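Computed from the coordinates by the stated procedures, all read-outs in this text should not be read as laboratory data. For clarity, every value in this text was computed on a predicted model and none was experimentally measured. Positions of Cβ are backbone-derived with ideal geometry, glycine not excepted, and every protein chain shown enters the neighbour counts.
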Amino acid sequence: MGPIKRIQIEPDCLADAEGPFEDAAPAIAELQRMGIEVVSSDNTVANPRETLYITSSREGILEAKARGLHAILLMSDPDEAMKLTKLEPAGGIVSLLELPDFIRFLEAQPVGVNS
């Protein structure tokens with residue numbers, strides 16, 4: 001995995017019928033301060049290798065892989081997440097607040113370790 005410059009987040013990972021999730025706004029703000037573009041609905045990607053695709057569904061993981069993006073599983077439902085790990089997403093988080101540190105971790109890895 002190369003440097004991450006863009007994150008695409010599926011809309012259902014940002015909000016539900018009751019409104020936005022409380023971790024969404026602070027996570028997005030921190031990512032933007034880091035210089036990372038955050039989008040919730042966009043199928044155009046200049047460089048898929050620089051893009052994380054945040055999803056909580058089987059369909060999302062498969063779509064990300066088909067588009068050459070790095071699928072990151074948002075594991076809000078532990079039982080469902082265990083099933084979805086069989087699709088081998090590139091990583092997993094339990095809250096969007098983990099994304100900035102996840103990216104910092106990736107950037108701190110020696111070249112070739114996270115590719």
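Odds and ends about this structure:
- Sequence-distant residues sharing a close amide H with G91 (under 5 Å, placed H): L73
- Per-residue ³J(HN,Hα) for segment 2-10, Karplus 6.51 cos²θ - 1.76 cosθ + 1.60, θ = phi - 60°, Hz, x for Gly and Pro: x, x, 9, 10, 8, 10, 9, 10, 4
- Going by neighbour counts of Cβ atoms within 10 Å, the residues D23, D79, D101 line up, fewest first, as D79, D101, D23.
- Antiparallel content of DSSP bridges confined to segment 9-115, in %, to 5: 20 percent
- Residue-count net charge about K83 - beta-carbon cut-off 15 Å; Lys, Arg +1, Asp, Glu -1: -3
- For segment 28-44, the Karplus equation 6.51 cos²θ - 1.76 cosθ + 1.60, evaluated at θ = phi - 60°, returns couplings of 5, 4, 5, 4, 5, 4, 7, x, 9, 6, 10, 10, 10, 7, 6, 9, 9 Hz by residue, with Gly and Pro reported as x.
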